[in-house]
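Asks: Let me begin by handing over the structure; questions about it come next.
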Amino acid sequence: MLSKTPMNKPKLWHCYNSRSLRVLWTMEELGVDYDLEVMPFPPRYMVQGYKTLNSLGTVPYFVDGETHMTESVAICQYLGDKYQCQGNSSKLTLALAEPEYGNYLNWLFHSDATLTFPQTLVLRYREFPAKDCHQMQTADDYDAWFAARLVRLHEHLSNRQYLCANRFTVADIAVGFALHLATLLKLEHHFSPQILDYLTHLRQRPAFIRAQAIGRELDPFARR
Ligand SMILES: N[C@@H](CCC(=O)N[C@@H](CS)C(=O)NCC(=O)O)C(=O)O
């Protein structure tokens with residue numbers, strides 16, 4: 001089960017509603033044939049031997065032949081570039097030659113460096129605090145920080161349906177997951193109507209619906 005042996009299909013190690021959802025969603029969008037291991041969260045405690053496979057103990061963990069990856073947005077970009085030509089009409093990634101390439105890269109990095117970063121502090125100190133850990137002020141501070149960091153997305157969405165190039169791309173998957181995570185942390189009251197509409201539209205995509213349903217029985221939020 002936890003072998004690093006190369007396989008002929010890409011394989012993803014996933015936990016419900018975690019960052020590995022980005023990868024699952026991308027594979028569903030692309031129609032990639034994949035293997036999947038769905039694990040309880042956090043796998044570094046709940047799955048024996050997981051840290052032998054992925055020394056970080058985090059999800060996603062992804063293997064495609066000799067390629068081993070741990071960064072969700074990088075894996076989505078890789079999948080979009082490698083598995084695009086499987087009957088899909090529009091490309092999920094942007095190339096350097098496209099005018100919005102810089103904008104595209106910026107949203108890819110914005111999704112984690114700007115949007116999920118403050119959320120992880122809310123998650124750690126409000127939603128899953130360690131025993132005897134009393135840092136609600138930290139959670140409240142990063143809740144406010146998250147709200148402030150939505151401003152650029154709000155401005156950008158004022159005249160667009162998607163983030164880049166008038167089409168759905170991996171940038172929408174990266175940022176869409178960050179917004180989805182915010183709803184799990186009950187931070188959606190910070191969303192402007194534009195951001196809420198954008199997320200609602202993304203969540204209606206059949207590939208998102210299929211991917212998000214996988215592993216629901218292991219929902220870590222339901223166990224609290
Ligand atoms: N930079 C990584 C972060 C991976 C990460 O921190 N994943 C979280 C779940 S969203 C995790 O595995 N947490 C459990 C742990 O740290 O033990 C990515 O974007 O994929």
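Asks: Consider only pairs whose beta carbons are under 9 Å apart and that are at least six residues apart or on different chains; among these, list those whose first residue lies in segment 182-193 and is touching a residue at least 60 places away in the same chain (Cβ under 8 Å) and whose second residue is not in a helix (DSSP H, G or I).
Replies: What qualifies is Ala182/Leu150; Ala182/Phe191; Leu184/Asn17; Leu184/Phe221.
Asks: Restricting the search to segment 192-209, which residues are more than 23 Å from Cys15 (Cβ to Cβ) and buried (at least 20 other Cβ atoms within 10 Å of the Cβ)?
Replies: Residues of segment 192-209 more than 23 Å from Cys15 (Cβ to Cβ): 192-198, 200-201, 204.
Tyr198 - this is the single residue of segment 192-209 that is more than 23 Å from Cys15 (Cβ to Cβ) and buried (at least 20 other Cβ atoms within 10 Å of the Cβ).
Asks: Of the residues Thr93, Thr52, Thr67, only one is of a type outside the set (D, E, K, R) and within 19 Å of the chain's Cα centre (by Cα); which?
Replies: Numbers: Thr52 fails: within 19 Å of the chain's Cα centre (by Cα); Thr67 fails: within 19 Å of the chain's Cα centre (by Cα).
Of the residues listed, the single one that is of a type outside the set (D, E, K, R) and within 19 Å of the chain's Cα centre (by Cα) is Thr93.
Asks: What residue, of Leu94, Leu108, is in a helix (DSSP H, G or I) and touching a residue at least 60 places away in the same chain (Cβ under 8 Å)? Outline the logic, then answer.
Replies: Numbers: Leu94 fails: in a helix (DSSP H, G or I).
Answer to the selection: Leu108.
Asks: Before we move on, is Leu105 away from the ligand (no atom under 13 Å from the Cβ) and surrounded by fewer than 17 Cβ atoms within 10 Å (Cβ to Cβ)?
Replies: Working: away from the ligand (no atom under 13 Å from the Cβ): yes; surrounded by fewer than 17 Cβ atoms within 10 Å (Cβ to Cβ): yes.
Yes.
Asks: Moving on. For segment 60-78, state whether one or more residues are farther than 20 Å from Asn17 by Cα, assigned to a loop (DSSP other than H, G, I, E, B) and of a type in the set (Asp, Glu).
Replies: Yes, some residue in segment 60-78 is farther than 20 Å from Asn17 by Cα, assigned to a loop (DSSP other than H, G, I, E, B) and of a type in the set (Asp, Glu).
Asks: Please work out which residue is farthest from the chain's Cα centre (by Cα), limiting yourself to segment 22-43 and to residues that are within 12 Å of Phe62 (Cα to Cα) and acidic (Asp, Glu).
Replies: My answer is Asp35.
Asks: Which of the residues that make up segment 127-155 are part of a helix (DSSP H, G or I) and farther than 30 Å from Asp172 by Cα? Walk me through how you get there before you give the answer.
Replies: Keep residues of segment 127-155 that are part of a helix (DSSP H, G or I), which gives 127, 136-148, 151-155.
Passing the criteria: Met136, Gln137.
Asks: From the set of residues in segment 15-41 that are away from the ligand (no atom under 16 Å from the Cβ) and assigned to a helix (DSSP H, G or I), which is farthest from Thr169 (Cα to Cα)?
Replies: Glu28
Asks: Tell me the residue from Ala130, Ala139, Ala171, Ala147 that is crowded, with 17+ Cβ neighbours inside 10 Å, touching a helix residue (DSSP H, G or I) at 6+ places or on another chain (Cβ under 9 Å) and within 24 Å of Phe221 (Cβ to Cβ), please. If you could, list the steps in order and put the result at the bottom.
Replies: On the way: Ala130 fails: crowded, with 17+ Cβ neighbours inside 10 Å; Ala171 fails: within 24 Å of Phe221 (Cβ to Cβ); Ala147 fails: crowded, with 17+ Cβ neighbours inside 10 Å.
The unique qualifying residue is Ala139.
Asks: Is there any pair linking a residue in segment 141-167 that is assigned by TED's automatic domain parsing to the domain that holds Thr120 to one that is outside any helix (DSSP H, G or I) and of a type in the set (Phe, Trp, Tyr), with Cβ under 8 Å and at least six apart or on different chains, and which?
Replies: As it stands, the answer is Leu150/Phe191; Tyr162/Phe168, since those pairs meet every condition given.
Asks: Which condition from (1) under 24 Å from Glu29 (Cβ atoms); (2) of a type outside the set (S, T, N, Q); (3) assigned by TED's automatic domain parsing to the domain that holds Glu29; (4) free of Cβ contacts under 8 Å to residues at least 60 places away in the same chain is the one that His68 breaks?
Replies: Of everything listed in (1) under 24 Å from Glu29 (Cβ atoms); (2) of a type outside the set (S, T, N, Q); (3) assigned by TED's automatic domain parsing to the domain that holds Glu29; (4) free of Cβ contacts under 8 Å to residues at least 60 places away in the same chain, His68 misses just condition (4).
Asks: Let me ask something else. Take the residues in segment 49-100 that are among the basic types (Lys, Arg) and more than 16 Å from the ligand (Cβ to nearest atom); name whichever of them is surrounded by the most Cβ atoms within 10 Å (Cβ to Cβ). Break it down into steps so the answer makes sense when it comes.
Replies: Start the filter on segment 49-100 by keeping residues that are among the basic types (Lys, Arg), which leaves 51, 82, 91.
Now restrict to residues that are more than 16 Å from the ligand (Cβ to nearest atom): 82, 91.
Numbers: Lys82: 14, Lys91: 16.
Result: Lys91.
Asks: Then there's this: Looking for whichever is assigned by TED's automatic domain parsing to the domain that holds Met46 and either among the basic types (Lys, Arg) or within 30 Å of Tyr34 (Cβ to Cβ) (or both) here; the options are Ile214, Ile173. Which one fits?
Replies: Values: Ile173 fails: assigned by TED's automatic domain parsing to the domain that holds Met46.
Unique residue meeting the criteria: Ile214.
The values are calculated or read from the model by the stated rules, or taken from the named source; none is laboratory data. These figures come from a predicted structure and were not determined experimentally. Every residue, glycine as well, gets a Cβ built from its backbone with ideal geometry; the counts of neighbours run over all protein chains shown.
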